[in-house]
């Protein structure tokens, strides 16, 4: 089985940046406001049980809530690198193809992001349903932490709550909510490879209105080196420019009713450099808008109505572009029967319109979903849930997904055990199931009307234990099986067709984690994550874009008042590329430091790839000598100013 890499990119906009400056000048305030968004994330998950934020120790699902403020203090600014800290997740540090710009390949427990991991932003599912693709590789490659208020990774077959495309997990992201007195933050960083990142954020509360507005600009030339020791002569061959804007408004209409609106925009330009094909320009533009009205009808009943729009425009070379237009409406209700029982249920409509100019593929899909989840808590320390979802599409038949989960705490909540089992699915796209064929990147692809939907099944069994004050260890055994995987088979380099794999893809293993702090103020601490996975696609064949072993670690300390420094490690062994061929093992070390000059100014410095490793980030079709290598040792520094 082979799979060609993705291809997208996009353009411009500065209105939100100007609005953010206006917010800074109009609402510059005291230091307490500046710290409002820097507090440690509470152990609460929004993704494991949609429509309700629950305590982390109340869910039986395997979910990780990223500590975004801590990650940023460690000099991690991209979502790609942030995800490497999550147990069970394998991704390339610095970003997939050409390091930054095109895609970032993310794998959760052996399941690929392009088909198995669903991204959800502000409650909006971001996938091209009619083309049977998740947009995760593109979204991860271009998302920074500056305009995220919450990011979570839900691992396993959680299709019961999100429907199609979530066979391997869900990547949940939210735009920040404004908190406290009005404030403003300006971030600047520059460094190797002509790299610069600038971010401006304004946020706060004005009576019943809470607001957040932010804009981020990034450019870099990347480090376009090949395995044979050569590099592109044009220093701008791997040029990447990205502009992101985000806005969130929360208005309290009454004591029990609130209205939340969000808007996110992204424009990117990327030059895709290869040794044999030269440089191909990519442009990428997206617009995301959502609105949610939530109301507490009574002490026991609450309801919310959400509507969203997502538009994506991709262009990669003259005449090769496609457009995606998604609409989502969701009505969710929750009723508490008594102290032990509550039910969440509702209806969702997703419309996906896809138009590819290169392949002449025009498709439209409407999916109607009915979902429900019941939670039973017989005691304060034991919670159980059962979720089901029925999806009906105009392209494929009705599908039901299920999930059961349980979580219990003991020993004054120092010990927690949890378990979950789930079933997910992925339906083939309209063109994949047709009798037609199309041209794409020099190859002819033939549809197959006999394609079946993929299904996945997963089981998790985990435990967490506080081994000492401030120190916690965790272990999760997992098993996930993927049946009828949709493969792209190349009869020759120019002729391909789709089929369901006969063999079942199975990934099983264990996730281990250890984290702690050496003082109550968290001035010194550590975290370690290790995952062992056995991802098998067929006999003696490993799943594409996967790794057998992954490590992630960080050690930090504050030896002087205001000065924090530390080391970070990321490593992978037994990894494969997009063609399921074995790729080289790697590790990379990083050093970071920050110094708080005063309450308003912080200086930061980081050095990536300290030992100048030269591992493959993107294999080449033609020959190993043309493989793209990771960036060499790189230095970045800057400052953060708070008003």
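Every read-out reported here was derived from the displayed coordinates using simple, explicitly stated rules and does not represent laboratory data. If you're wondering where the values come from, they're calculated on a predicted model, not measured in any experiment. Cβ: placed from backbone, ideal geometry, glycine included. Neighbour counts: every protein chain shown.
Here are the numbers:
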item	result
Protection proxy ranking of 59-67, 207-215 - average other beta-carbon atoms within 10 Å, highest first	59-67, 207-215
Mean separation of Cα contacts under 8 Å, 6 or more apart, over the residue count of the range 493-604: relative contact order %	19
For the range 130-209 and the range 241-287, distance of Cα centres in Å	10
Two-site label geometry, residue 611 and residue 44: point separation in nm, points 7 Å out along Cα→Cβ	4.2
Mean projected area (nm²) of the alpha-carbon convex hull when the range 15-642 is viewed from all directions	26.2
Cα→Cβ-extended label distance, 7 Å offset, between residue 298 and residue 493, nm	6.9
Per-residue [θ]222 nm for the chain (sum of -39500 (n - 2.57) over DSSP H runs n ≥ 4, rounded to 500)	-1500 deg cm²/dmol
Largest to smallest principal axis extent of the C-alpha atoms in the range 84-206, angstrom	40, 40, 29
Cβ-Cβ FRET estimate between residue 341 and residue 517, R0 fixed at 35 Å, reported to 0.05	0.40
Whole-number percent relative contact order across the chain, with pairs defined as alpha carbons under 8 Å at least 6 apart	14
Exposure proxy ranking, count of Cβ atoms within 10 Å, fewest first, for 330, 464	464, 330
Length released on extending from residue 465 to residue 370, taking residue separation times 0.36 nm less the Cα-Cα span	30.5 nm
The range 377-469: radius of gyration and largest Cα-Cα distance (Dmax), Å	21.5, 63
Ranked 396, 309, criterion: other C-beta atoms within 10 Å, fewest first	309, 396
Cα→Cβ-extended label distance, 7 Å offset, between residue 331 and residue 436, nm	3.5
Approximate shape of the range 204-291 as ellipsoid semi-axes (Cα gyration tensor, √5λ), whole Å, largest first	44, 12, 8
Fewest-first ranking of 573, 241, 153, using other Cβ atoms within 10 Å as the exposure measure	573, 241, 153
Whole-angstrom gap from the range 498-563 to the range 337-407, using each part's C-alpha centre	28
The range 557-641: C-alpha gyration tensor shape, a/c 1.5 cut-off, then a/b vs b/c	prolate
Counting DSSP beta bridges with both ends in the chain, the antiparallel % (nearest 5)	95
